[in-house]
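The values are calculated or read from the model by the stated rules, or taken from the named source; none is laboratory data. The shown structure was predicted, so the numbers you read here are calculated from the model rather than taken from an experiment. Here the Cβ positions follow ideal geometry from the backbone for every residue, glycine too, while neighbour counts run over all protein chains shown. We work out accessible area using only protein heavy atoms, side chains counted, and drop any ligands, DNA or RNA first. Shrake-Rupley method; radii C 1.70, N 1.55, O 1.52, S 1.80 Å.
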Amino acid sequence: MLGTMSRLWQTVRPIRFRLYLGLLAAMTASLVALGIPQVLELVVNRVQVGGAAAAVWTGGAIVLGLGLLEAALIWLRRVFAVSPSTLVEKNIRVSFYAKVQNMPVAFHDGWGSGQLLSRMMGDINIIRRWIAFGMIMLVTTSVTIVVGMALLIRSSLLLAAVFFLAAVPVTIIAFRFHREFSVLSRLSQDQNGDLATTIEQSVQGIRVLKAFGRGPSALEGFTEQAEELRQTEVRKATSIARFDMFMFMLPELALGIALLIGMHLVAGGQINVGQLASYFATATLVVGPVRMLGMLFGQMVNASTALDRHYEVMDEDNAITSPDEPARIDLRAARGAVRLDGVRFRFEDAPEHVPDVLAGIDLEIRPGETMALVGVTGSGKSTLLQLVPRLYDTTAGTITIDGTDIRAMDLSDLRTLTAVAFEDATLFSDSVRENVLLGADPSLTDQQAEELLHLALRTADASFALDLPQGVDTRIGEEGMSLSGGQRQRLALARAIAARPAVLLLDDPLSALDTKTEETVTGRLREVLEGTTTLIVAHRTSTVALADRVALLDHGRITAVGTHAELMASSPRYRWVIANQEEERRRNQDVETLTGELDLRGVFDTEQGGAR
């Protein structure tokens with residue numbers, strides 16, 4: 001915990017001076033509050049010897065002044081600490097988001113989105129509350145207890161000893177509480193992240209759940225997770241309640257015993273009434289901070305756990321970065337010649353007995369050429385495409401664009417040279433305009449951007465966007481789910497076109513289109529992107545036939561390269577792959593047709609709970 005908190009102290013370096021001022025204001029307010037019982041002692045003693053009215057009025061005025069001063073100091077503490085802490089919170093959140101954005105795809109493959117979301121929102125909020133309140137109040141509370149104890153000793157050593165004795169079991173209980181609560185706190189925050197992941201997946205996959213009637217099953221699983229979280233929260237609450245019970249009981253018990261002893265001491269003349277009054281007033285002020293220790297311990301544990309979870313992400317290594325001295329690239333003069341030499345790739349978590357996904361790829365794509373990549377399902381076609389913009393890094397071998405190793409390029413230059421359209425089109429909850437121009441040159445004028453937008457839409461046969469309620473400014477909903485699959489694919493393709501890349505990478509982006517529309521779009525692509533090197537993962541014969549050349553990916557290697565006609569004539573394996581893909585496509589079409597024709601309500605009687 002100390003190491004984690006020391007890292008936080010480095011994080012708050014920019015606002016340390018403000019925090020020091022807030023701490024000074026808080027401690028001064030605490031000391032001012034402890035001065036009030038001492039005034040009370042003087043007033044009581046003065047009343048006993050005469051001049052009661054003057055003593056009361058004078059003491060009352062001093063107490064009022066001290067109270068106003070304490071209130072002002074508390075206000076200053078909030079002014080000094082709260083606003084700067086929100087700035088640190090923003091900076092931590094922005095740095096976290098930047099870290100997540102810059103991490104490679106392999107990182108996101110291993111992390112649940114809900115876990116990242118809970119760290120981004122909930123954990124960082126806990127950290128901010130600790131900076132603004134917890135750190136300052138922990139120090140202030142400790143100082144209050146120490147100074148208060150000294151004042152108790154001044155009033156009566158015997159009575160102070162009674163209070164000290166109550167502090168011994170409190171210390172032991174606090175240690176045990178910290179050890180138990182830290183485990184429960186981490187478990188709770190992890191379960192919150194898992195629950196957030198489940199919610200996000202259910203919302204994103206709501207159509208699938210409804211289509212397969214798995215809503216009740218999903219609800220059952222979610223209920224189990226929610227119950228596990230509830231049980232953990234109950235255990236946390238029980239732990240806090242047990243701790244608070246002792247934190248309230250032991251000081252009150254000590255005060256009760258001290259009252260009996262104090263009355264005996266006053267009767268024996270060992271202390272005066274003013275000292276006894278001062279002792280109890282001071283003890284009352286000290287009891288509050290002692291009780292607050294429980295809350296502060298819990299908050300410290302929560303903050304430490306949140307920091308651990310935060311640093312788990314921030315400490316992740318990013319293997320895909322720009323070199324310290326990147327090669328200079330003339331983006332406007334790029335020809336788009338792509339070459340792969342001995343490229344191998346395997347996933348980091350793949351077992352040793354599993355062969356490499358790509359086992360030595362040698363391939364050259366000429367400038368301006370359209371090459372189709374063909375292979376059976378699972379042969380690594382999509383993975384190969386993602387190696388070019390370094391979404392993943394090669395395990396061995398090199399990939400060059402115009403003779404320059406992509407690992408020698410600045411990532412921003414590389415990803416300006418390339419653009420990708422995936423089969424699973426991902427759109428953002430924004431307007432059509434913002435989605436399509438996402439990768440466009442930001443230096444374009446408004447008129448140029450508008451012309452590029454319409455050109456990209458026409459090329460991708462996505463002019464339907466002009467007929468939406470607000471045209472290209474229509475917001476398309478989360479992940480574009482208000483559109484059909486084919487419409488989403490065409491907008492994703494338009495986005496890749498608008499980037500005007502030197503190398504266009506298409507991962508079967510037209511799979512949701514009919515053959516005629518695909519031919520139309522492909523023809524427009526060749527016209528608009530003349531001179532652009534295109535590598536396209538193809539599953540249809542029509543797509544393959546439109547390519548300049550075709551590469552066959554088989555068992556992790558490129559086993560044949562040539563035109564579609566050449567490979568059909570010379571490669572039995574190629575003919576088998578093409579025939580297999582056509583058969584698979586027909587089966588998929590048959591399933592879609594059957595699904596559209598069947599009345600599922602007539603097939604399954606959900607009310608009776610069985611098939612008819």
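Among the residues in segment 297-312, are any outside any helix (DSSP H, G or I), among the small types (Gly, Ala, Ser) and within 33 Å of the chain's Cα centre (by Cα)?
No: segment 297-312 contains no residue that is outside any helix (DSSP H, G or I), among the small types (Gly, Ala, Ser) and within 33 Å of the chain's Cα centre (by Cα).
Looking at (1) at pLDDT 90 or above; (2) crowded, with 18+ Cβ neighbours inside 10 Å, find the lone condition where Arg500 falls short.
Looking at each condition in turn, Arg500 falls short on (1).
How about segment 336-356: which of its residues are of a type in the set (A, V, I, L, M, F, W, C) and either buried (at least 20 other Cβ atoms within 10 Å of the Cβ) or over 21 Å from Ala538 (Cα atoms) (or both)?
Within segment 336-356, Val338, Leu340, Val343, Phe345, Phe347, Ala350, Val354 qualify.
Residue-wise test of (1) in contact with a helix residue (DSSP H, G or I) (Cβ under 8 Å, 6 or more places away or on another chain); (2) more than 23 Å from Arg526 (Cβ to Cβ); (3) in a helix (DSSP H, G or I).
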{"site": "Val420", "(1), (2), (3)": "yes, no, no"}
{"site": "Ala425", "(1), (2), (3)": "yes, no, no"}
{"site": "Glu451", "(1), (2), (3)": "no, no, yes"}
{"site": "Ala456", "(1), (2), (3)": "yes, no, yes"}
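For Ala560, are the conditions met, namely being within 22 Å of Arg339 (Cβ to Cβ) and free of Cβ contacts under 8 Å to residues at least 60 places away in the same chain?
yes
Going through segment 414-425 one residue at a time, which ones are of a type outside the set (A, V, I, L, M, F, W, C) and open to solvent by 40 Å² or more (accessible area, probe 1.4 Å)?
If the condition is that a residue be of a type outside the set (A, V, I, L, M, F, W, C) and open to solvent by 40 Å² or more (accessible area, probe 1.4 Å), then Arg415, Thr416, Glu423, Asp424 are the ones that fit.
Can you pull out the residues in segment 114-161 that are over 26 Å from Trp75 (Cβ atoms) and either open to solvent by 50 Å² or more (accessible area, probe 1.4 Å) or not in a helix (DSSP H, G or I) (or both)?
Answer for segment 114-161, where residues must be over 26 Å from Trp75 (Cβ atoms) and either open to solvent by 50 Å² or more (accessible area, probe 1.4 Å) or not in a helix (DSSP H, G or I) (or both): Leu117, Met121, Ala150, Ile153, Arg154, Ser156, Leu157, Leu158.
Can you tell me which residues in segment 63-83 are under 18 Å from Val39 (Cβ atoms) and surrounded by 15 or more Cβ atoms within 10 Å (Cβ to Cβ)?
Val63, Leu66, Leu69, Glu70, Leu73
Considering only residues that are open to solvent by 50 Å² or more (accessible area, probe 1.4 Å) and either more than 22 Å from the chain's Cα centre (by Cα) or farther than 15 Å from Asn192 by Cα (or both), which ones fall in segment 218-227?
Leu219, Glu220, Thr223, Glu224, Glu227
Can you tell me which of (1) farther than 12 Å from Val343 by Cα; (2) buried (at least 20 other Cβ atoms within 10 Å of the Cβ) is the one Ile399 doesn't meet?
(1)
Of all residues in segment 473-486, which are open to solvent by 10 Å² or more (accessible area, probe 1.4 Å) and either modelled with pLDDT of 85 or more or among the hydrophobic types (A, V, I, L, M, F, W, C) (or both)?
Asp473, Thr474, Arg475, Met481, Leu483
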